[in-house]
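The values are calculated or read from the model by the stated rules, or taken from the named source; none is laboratory data. It should be emphasised that the depicted structure is a prediction, and the values quoted were computed from it without experimental measurement. As a convention, Cβ positions derive from the backbone with ideal geometry for all residues, glycine included, and neighbour counts pool all protein chains shown. Each accessible area value is taken on the protein alone, full model and side chains, heavy atoms only, with ligands, DNA and RNA left out. Shrake-Rupley method; radii C 1.70, N 1.55, O 1.52, S 1.80 Å.
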Amino acid sequence: MHHLRAKRRARLALSASTLSLPTSGTQPTATTGEARGRNLANTSLSLLISALKITKEVSSACPQLQLAVGALLTVLEAYKKYSEAKESIETLLSRIQPLNEILKKVQTDNVCPQALKDRLAALAR
């Protein structure tokens, strides 16, 4: 029995060390670690939602369990939608910020025609 536990621990340690290695062959950075963490969380959430859907379907014999699982499922699905929207907004913001800096630089230089400066000022309000 102890031998089986040791084998399982070794297998878990191996899989944990495999997860921490970068997939592209580059050095690990905060960005790749964050992306890997987000992917793992999204995958885990999707698997949990799938398991809860199955549990909800097969728990018709126990209405209280079915109700509790259904409520939890609703909350998790709402959270998943919210987190996906938040990630999309963060991605959009990371693309807009550099463009905004470029526009500020062009606007402060006297390279930009006055009509364009007026339009940019109107958009900034």
* Average accessible surface area per residue within the range 36-125, 1.4 Å rolling probe, Å² -> 80
* To do: For residue 80, go through the aspartates and glutamates and keep the ones whose alpha-carbon is under 15 Å away, minus same-chain ones fewer than eight residues off.
  => none
* If you average the sequence gap of Cα pairs under 8 Å that are 6 or more apart and divide by the length of the range 28-113, what percent do you get for the contact order? -> 20
* Structure fact -> Net charge (Lys, Arg +1; Asp, Glu -1) of residues whose beta-carbon lies under 13 Å from that of residue 38, residue 38 excluded, is -1
* **Environment charge of residue 116, counting only residues whose C-beta is closer than 15 Å and scoring Lys/Arg +1, Asp/Glu -1** => +2
* Asked: List the lysines whose alpha-carbon lies under 29 Å from that of residue 81, not counting same-chain residues fewer than 8 positions away?
  -> 53, 56
